[in-house]
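Notes for the one structure printed next.
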Amino acid sequence: MRWNYLAPVISIVASLAVVGVMLAVMGINPLEAYIVMFSRSFASKFGLAELCVKTTPLILTGLAVAIPLRAGLWNIGAEGQLYMGAFAASVVALYINLPEFLVIPLMMAAGAIFGMGWAAIPAFLKAKFDLNEIISTLLLNYVAIYWVEYMVYGPMRGKEVYNFPYTDLFPDAATLPRFFGTRLHLGFLIAILIAIAIYHILKRTDFGFAVRVVGANPRAADYAGISRQKIIFYSMLLGGMLAGIAGMIEVSGIQLRLRPAISTGYGYAGIPVALLASGNPLLVILSASLFGFLYVGGSALQTTYSVPVAIVYVFQALIVLFIIGGQSLRRGD
Amino acid sequence: MKAKFLVLIILAVLAAGLLAGCAGEEGKQVTTPATTPEEKKEIKAAFVYVSPIGDAGWTYMHDQGRQFIEKKYGIKTAYTENVAEGGDDERVIREYAEQGYDVIFTTSFGFMDATITVAKDFPDTIFEHCSGYKTAENVGTYFGRMYQARYLTGIVAGAMTKTNKIGYVAAHPIPEVIRGINAFALGVKKVNPEAKVYVVWTGTWYDPAKEKEAAISLLDEGCDVIAQHQDSPAAQQAAEERGAYSIGYHSDMSKFAPNAHLTAAVWNWSVIYSYIIEQVMQGTWKSEEIWWGIDRGVVGIAPFNDAVPEDVRKMVEEEKEKYLSGEVAEQYPFVGPIYDQQGNLVKAEGEVMTDEELLSMNFFVDNVVGEIPAASE
Amino acid sequence: MVDAGFIASLLASSIRAGTPLLYATLGETLTERSGILNLGIEGIMITGAFTGFAVSILTGNPWLGVLFAGFAGMALAFIHAFFSITLKANQPITGLMIVLLGLGITGFFGRSYIGEVAVYINPIHIPYLSSLPYVGEILFTHDPLAYIAVILAAVLWFLLFKTRYGLEIIAAGENPEAADSVGVDVDRIRYISTLIGGFLVGIGGAYLSLAYAKLWTEGMTAGRGWICLALVIFSGWMPQRAVLGAYLFGGLDVLSFKLQATGVGISYHLMRMVPYVVTIVVLLFSVIRKRAAFGAPASLGVPYIRGRKQ
């Protein structure tokens, strides 16, 4: 029993120690480096805002992975769904004339629908043909990313961008409000609210019950008369929808335009986020902020010590490996 | 159980964060005292790169410039590489500003908006943005007129081709790349009106295997000189292996293709970095739009291969001399008559293209074979 | 423009471009056949590319480079195996972390090798055969590693489908309980398959830096690892089909370049989607025809815990 509490502590300490040795080898005082990482993320208004900015898409992609995972499905495609959501939202922002108060809601709806639609392809293939979803979602990521690239180099290229592959800046009505003079935007709040809503949906609705049963015990689902196909289909759709919203929020809150590389791998990072949170939507908020911290703190390491970005990759990989290793050890007992 | 586990982690992180936060605040007071005049001389420069230094091309060359000024002026420099445009750039630039760096170089077009935004909040910090067009009181821009060197290398290619087909392996259709292709093609045309420049887009800045394959495709179609706008020298190797010629880019790539490599259009960022750092050190810095050419040495051409005959060298030297003596405009060779691929007259005889037209160039001149993805109107 | 010469050079290029993919696909096929899903190919490949290049410089022998690239791939694969098999940790995540590790380690140590020139593996023109019209260019002008890849595919096919050992690997991937009950050491089989798989993926990386684009730059695998994941599926976990798949996928890129070089206007952006769309379509056809899960090992990605029903 005591092991349950010791394991996470040991895994964190161990990862800090290993990375500390690496830093020390490079001539950097590890303790000082850790202080830099923390203080840059927590101790200033901007640091904290940036932490939230990075956490926002991770909450949504984390949920996008977590919900299907509850039904026993792997959604490796949040990255592509995010791109499709961003694409749809950008089309609304740039090409559709609407009363101002309608722009943001409609962008969000468009992002949600396109994210959902992109997830519907693997969901359908899984439900109908039992096609492995890890593979189909992964493949569709590339199609989505190249699609956005094609659009911004071609049809959607802006008029005021000196022919660079960007769309024009969105009109003000299409950008999410920001707060405190930082980049902290409304999307952060939206993401948190969505996570809470999903928590209640999974916990209290028939759909949520069905998802949990299908994921935990497919046979029991059959006995209970729950259609597995349907649940698989809808849980994937719900995941895609959230990833699509993440894309919308990223272009509307941060990028303010569409461009080829809008995500720094948020869709993939959603996988460890979801797993760390054991698929619990409220815990996703916490694990997403842990990853947000790894991004912001890692970047602070770079700006402070000019360590190669490569070190930051190793650092992130080791921490996640230690954490899941620790989790596994615990589970094994 | 897992829930508890995670909560534990988060609590640990938060607690450590708060502790560190306090420590950090104290630390800050120590490190940022009121700047006294003596201290102001010790300047610190930060560089924000779009790709890893290991790309062997764009960022690598900027980093060479950084190392140069670090040595020459003994100043402290810092860098962050692989910074995502539009997403992470603003945070990184702001962190450098907060850390009290005196001058911050942002070396990609996509960093433009973030540079301007942060600059508003730090009026005492100097920002220098590479390749953009937005300036402010404390934001200058800098770039090199690479097309001048491209033009000169085009003359070499045009003179050396026997098949009258010259291949050009290019990354993405953005103005900088298109401008380089056109200048190169105008150089080709100057000495060899029959020759055409065949462009293949790879869709990637650094994927050496693909760049090489794209070059091979061009060689297979009968091209006998290969030029490139890519980071790695892979296209040079392809020419070397096939016994063709090649024109390098970024740096002297002759090491990779000793027989094929005729010359290269090269960057030397240390010229601009030295200039800016000196201005900052002397306190005479003001916001400028620096767009220097071959006369200042920001761009240049690598030493010729032995295979380049004397008359070709002479021709290139003569054209180069026109820039040095000021006989031609900086925008040369973008001086009319210039025709596009459809044969339309873009610039009439004697008319000079403006810098803005150069910066947003989006058409191919008439001796280029290839396509630019069209924006919808 | 499109004549026999065009097609011959297209096919020759396809083999070149497909060979690194083939090594990695064969490696991953073996790994996945035993039930381990290793998403870390990209990281293992780049590690192989760097190690091969560095060892070639240090020793002056490119073949030692290839060997050590394999060992480096094996080392990373061991991390994956340890987490997946011994710790029974989540395989997709471990794989993704392997990617980060590979990119990180090579980025860090690789910086000082930028712009260096190593000793490379060069094509050999097989006497007489290589001067055959068209066929000579397509088949007999490659480097030794390209031929070895095809032989490896045959060996792997034989191993998987014609030997007892292969049966055990497949059993470990399909139904580990059943395999265990007849005395197969599932963990051991999975360890060995993952390690050898990593070895082959590493060689695929070395092919890039030592035989194809003969240089080292950071991130030079440029997403090939992910393409190989698609290729494994595309080939239905069959080594023999992986050969065709790898050449086809390699060839699609080449086709885009060749068409552009002849002045045919195509969107290279859309061309780049083709491999992925094709894979999905192929998958679709096969599932519709068979009406059953398509070839995937039934226990792929599922940790095997002895004495516990899945």
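The values are calculated or read from the model by the stated rules, or taken from the named source; none is laboratory data. Keep in mind that this is a model prediction, so the values were computed, not measured. Glycine also receives a Cβ, built like all others from the backbone with ideal geometry; neighbour counts cover every protein chain displayed. Note: areas computed on protein heavy atoms with side chains; ligands, DNA, RNA excluded. Shrake-Rupley method; radii C 1.70, N 1.55, O 1.52, S 1.80 Å.
Could you list, in sequence order, all residues of the stretch B:127-182 that are among the polar types (S, T, N, Q), within 14 Å of chain A (Cβ to nearest Cβ) and open to solvent by 10 Å² or more (accessible area, probe 1.4 Å)? Hit for the stretch B:127-182 is B:Ser131, nothing else.
Given the structure, is B:Ala329 of a type in the set (Gly, Ala, Ser) and surrounded by 15 or more Cβ atoms within 10 Å (Cβ to Cβ)? So B:Ala329 fails the test. Listed by first and then second residue, the pairs linking a residue in the stretch A:96-113 that is over 17 Å from A:Ala246 (Cβ atoms) to a residue that is exposed (fewer than 15 other Cβ atoms within 10 Å of the Cβ), with Cβ atoms under 7 Å apart and 6 or more places separating them unless they lie on different chains, are A:Glu100/A:Ala173; A:Val103/A:Ala173.
How many residues does the stretch A:63-84 contain that are open to solvent by less than 10 Å² (accessible area, probe 1.4 Å) and more than 13 Å from the chain's Cα centre (by Cα)? Matching residues across the stretch A:63-84 total 3.
Sort through A:Tyr162, A:Tyr146 and tell me the only one that's more than 14 Å from chain C (Cβ to nearest Cβ), without any contact (Cβ under 8 Å) to a residue 40 or more places away in the chain and in contact with a Gly (Cβ under 9 Å, 6 or more places away or on another chain).
The unique qualifying residue is A:Tyr162.
The criterion of at least 2 residues that are closer than 24 Å to B:Cys223 by Cα and either modelled with pLDDT under 95 or not aromatic (Phe, Trp, Tyr) (or both) is met, among helices (runs of 4 or more DSSP H) falling completely within the stretch B:108-199, by B:146-160, B:175-191. When each of A:Gln302, A:Gln327 is tested for being open to solvent by less than 30 Å² (accessible area, probe 1.4 Å), out of contact with any Lys or Arg (no Cβ under 9 Å at 6 or more places or on another chain) and not β-branched (Val, Ile, Thr), the lone residue that passes is A:Gln302.
When you look at C:Ser181, is it free of Cβ contacts under 8 Å to residues at least 60 places away in the same chain, among the polar types (S, T, N, Q), surrounded by 14 or more Cβ atoms within 10 Å (Cβ to Cβ) and more than 25 Å from C:Leu231 (Cα to Cα), yes or no? No: the conditions fail for C:Ser181. Residue count for the stretch C:232-263, restricted to those that are more than 18 Å from C:Ser13 (Cα to Cα) and either of a type in the set (A, V, I, L, M, F, W, C) or more than 9 Å from chain B (Cβ to nearest Cβ) (or both): 10. Could you please find all residues in the stretch B:212-246 being touching a Lys or Arg at 6+ places or on another chain (Cβ under 6 Å), crowded, with 24+ Cβ neighbours inside 10 Å and closer than 17 Å to B:Val188 by Cα? Hit for the stretch B:212-246 is B:Cys223, nothing else. Taking (1) within 16 Å of B:Pro52 (Cβ to Cβ); (2) touching a residue at least 40 places away in the same chain (Cβ under 8 Å) in turn, B:Asp88 satisfies each apart from (2).
Can you confirm whether B:Glu319 is crowded, with 16+ Cβ neighbours inside 10 Å and within 14 Å of chain A (Cβ to nearest Cβ)? Judged against the criteria, B:Glu319 is not a match. Close contacts from the stretch B:110-124, counting a first residue that is under 11 Å from B:Val139 (Cβ atoms) and a second that is of a type in the set (Lys, Arg), with Cβ to Cβ under 7 Å and a gap of 6+ residues or different chains, come to B:Met112/B:Lys134; B:Ile116/B:Lys134; B:Val118/B:Arg94. Has the stretch A:213-226 got at least one residue that is open to solvent by 70 Å² or more (accessible area, probe 1.4 Å), under 23 Å from A:Thr137 (Cα atoms) and assigned to a helix (DSSP H, G or I)? Yes - at least one qualifying residue is present in the stretch A:213-226. B:Asp306 meets each of the listed conditions (1) part of a loop (DSSP other than H, G, I, E, B); (2) open to solvent by less than 40 Å² (accessible area, probe 1.4 Å) apart from (2). A:Leu275 passes every criterion in (1) aliphatic (A, V, I, L, M); (2) open to solvent by 10 Å² or more (accessible area, probe 1.4 Å); (3) within 14 Å of chain C (Cβ to nearest Cβ); (4) under 28 Å from B:Ile93 (Cα atoms) apart from (4).
Of everything listed in (1) touching a Ser or Thr at 6+ places or on another chain (Cβ under 7 Å); (2) within 12 Å of chain B (Cβ to nearest Cβ); (3) surrounded by 24 or more Cβ atoms within 10 Å (Cβ to Cβ), the single unmet condition for A:Leu94 is (3). When we screen C:Ala246, C:Ala261, C:Ala292 for residues that are touching a Cys at 6+ places or on another chain (Cβ under 9 Å), of a type in the set (A, V, I, L, M, F, W, C) and at pLDDT below 90, the only hit is C:Ala261. For C:Tyr191, the test of being open to solvent by 40 Å² or more (accessible area, probe 1.4 Å) and hydroxyl-bearing (Ser, Thr, Tyr) is passed.
Within the stretch B:309-362, how many residues are of a type in the set (S, T, N, Q) and part of a strand (DSSP E or B)?
Qualifying residue count, the stretch B:309-362: 0.
Taken over the stretch B:63-104, the criterion of being of a type in the set (A, V, I, L, M, F, W, C) and open to solvent by less than 10 Å² (accessible area, probe 1.4 Å) is satisfied by B:Ile69, B:Ala78, B:Val83, B:Val92, B:Ile93, B:Ala97, B:Val103, B:Ile104.
Every listed requirement among (1) in contact with a Ser or Thr (Cβ under 8 Å, 6 or more places away or on another chain); (2) surrounded by 20 or more Cβ atoms within 10 Å (Cβ to Cβ); (3) assigned to a loop (DSSP other than H, G, I, E, B); (4) free of Cβ contacts under 8 Å to residues at least 60 places away in the same chain is met by A:Phe170 save one, (4).
Each row is one residue, and each column tells you yes or no for (1) open to solvent by less than 30 Å² (accessible area, probe 1.4 Å); (2) at pLDDT 95 or above.
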| site | (1), (2) |
| --- | --- |
| A:Ala109 | no, yes |
| A:Asp130 | no, no |
| A:Ile135 | yes, no |
| A:Asn141 | yes, no |
| A:Tyr150 | no, no |
| A:Gly158 | yes, no |
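Scanning the stretch B:275-298 for residues that are part of a loop (DSSP other than H, G, I, E, B) and open to solvent by less than 40 Å² (accessible area, probe 1.4 Å) yields a total of 4. Counting the residues of the stretch C:100-143 that are within 26 Å of C:Gly5 (Cβ to Cβ) and of a type in the set (D, E, K, R) gives 2.
Is it fair to say C:Val287 is under 25 Å from A:Ala119 (Cα atoms), open to solvent by 30 Å² or more (accessible area, probe 1.4 Å) and either at pLDDT 80 or above or within 12 Å of chain A (Cβ to nearest Cβ) (or both)? Criteria not met by C:Val287.
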